[in-house]
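The values are calculated or read from the model by the stated rules, or taken from the named source; none is laboratory data. Computed from a predicted model, the values in this text were never measured in an experiment. Because the Cβ atoms are built from the backbone with ideal geometry, glycine has one as well, and the counts that use them run over all protein chains shown. Protein only, heavy atoms only, side chains kept; ligands, DNA and RNA dropped before computing areas. Shrake-Rupley method; radii C 1.70, N 1.55, O 1.52, S 1.80 Å.
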Amino acid sequence: MKPQHCRAARAWLDWSQGDLSQRANIGLSTIRQFENGLRTPITNNLLAMRRAFEEAGIVLNDDPAGIAFVGNPGAKDQNESGEAP
């Protein structure tokens, strides 16, 4: 995952950095520094972010765009609607 994928996935889900921090159970500073290109998180933190996105219906892949929304009817977004923006 690249920083721009993380930002795009959060925007698609209407999540703040704090939302991702809570859902992935990692530090807010880790997300801020990653998205600003200041550091690459350890593998466990990258996997936790990916898992949080996947549980919400976002798939990160090797396609040129690197991100797709496949939807997950059981997942809830920030507004608890379960629908993609």
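The accessible area of Met1, taken with all protein chains in place and a 1.4 Å probe, comes to roughly 60 Å². Computed over neighbours whose Cβ is under 15 Å from that of Gln17, the net charge equals +2, Lys and Arg +1, Asp and Glu -1.
Find how much the distance from Thr40 to Ser16 grows on full extension, using 0.36 nm per residue of separation minus their present alpha carbon separation; answer in nm with one decimal. Numbers along the way, then the final one.
On the way: separation 24, 0.36 × 24 = 8.64 nm, distance 1.91 nm.
Using 0.36 nm per residue and subtracting the Cα-Cα distance, I get 6.7 nm.
Taking 0.36 nm per residue of separation and subtracting the Cα-Cα distance, full extension of the segment from Asn25 to Glu54 would add 9.0 nm.
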